[in-house]
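Report on the structure given below.
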Amino acid sequence: MKKPVLSVWIIAVGVLLFVSRAYAIALPLQVEGYARETPPGAPMSAAYLSLHNTGEHLLLLKAVELRGKQDIGVDLHTTESSDGISRMRPLEQLAIAAGQKLQMAPGGVHLMIHGLQLREGELLPLRLVFTNGSSLEIEVPVVGPNKADKEHHHHHG
Ligand SMILES: [Cu+2]
């Protein structure tokens, strides 16, 4: 009895692997963004992405990694205010609905980068990991504080 059950599982896992790999090749996501230069003496900085899901399925971003530096933490945060005080809260995952363009912004959803000094002009190599097993590698520019503000206003203008 056990052998047939096991072989069915192997086939099922094989099919799943094939499907997720095929899906990864055509991840329908347009990403833009920037990171802010780390202020002098600050232990962390933030990055903001715009994620446009051009596909027909919900995408769940579950992790962001800094490529080549696994000891550096990149956290998904959201900002909540209660009693006039805003606090950052970690997000387990970030949902991007089909057709939705999710815009991270100061005071909202953002990426928090710990343990790395970001300098204006650098490129930050990130890997976005999704719950369906696919991932996307991107690079975002590091901008200085004045430029980041201009960029922010530009997106909303
Ligand atoms: Cu944060």
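No value in this document is a laboratory result; all are computed from the given coordinates. In this text, all values refer to a predicted model and were calculated from it rather than measured experimentally. Here the Cβ positions follow ideal geometry from the backbone for every residue, glycine too, while neighbour counts run over all protein chains shown.
Below are the figures for this structure:
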read-out: Per-bin percent of Cα-Cα distances, the range 28-156 [5 Å]; value: 2, 10, 20, 24, 21, 14, 6, 2, 0
read-out: Residues whose placed amide H lies under 5 Å from that of Arg67, excluding near-sequence neighbours; value: Leu126, Arg127
read-out: Full-extension gain in nm, Glu56 to Ala98, via 0.36 nm per residue minus C-alpha separation; value: 14.6 nm
read-out: Karplus-derived 3J(HN,Hα), 6.51/-1.76/1.60, for each residue of the range 116-124, Hz, glycine and proline x; value: 8, 8, 8, 10, 3, x, 6, 10, 9
read-out: GluC sites (Glu not before Pro) within the range 32-63, DSSP loop, no more than 10 other Cβ atoms inside 10 Å; value: Glu56
read-out: Under the Karplus curve 6.51 cos²θ - 1.76 cosθ + 1.60, θ = phi - 60°, whole-Hz ³J(HN,Hα) for the range 132-142, x wherever Gly or Pro sits; value: 7, x, 8, 9, 9, 9, 9, 10, 10, x, 9
